[in-house]
Amino acid sequence: MLGWALTFLIVALVAAALGFSGIAGAASSIAQILFVIFLILFVVAMISRAVRGHPPT
């Protein structure tokens, strides 16, 4: 999921550099949403691992 967020971020940056504001805005929004979802899943995974007794590494 982080890979998709980074891909959309790169698409947004390239589109913004070339002046395609509609595509850049859409790709930027998608990248932000995917990144937030990735962070939430990462935190949930760390909490569930700690609850099961495995120390974070």
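Quick note: the coordinates plus some simple rules give every number you see, no bench work behind them. Because the structure is a prediction, the values reported are computed rather than measured. Positions of Cβ are generated from backbone atoms using ideal geometry, with glycine treated the same way; all protein chains shown enter the neighbour counts.
Annotation: peptides 37-45, 10-18, ranked by per-residue average of other Cβ atoms within 10 Å with the highest first, follow the order 10-18, 37-45. The stretch between residue 7 and residue 48, if pulled fully straight at 0.36 nm per residue, gains 11.9 nm over its current Cα-Cα span.
Taking every C-alpha pair closer than 8 Å and separated by at least 6 residues, the mean separation divided by the residue count of the chain gives a relative contact order of 34 percent.
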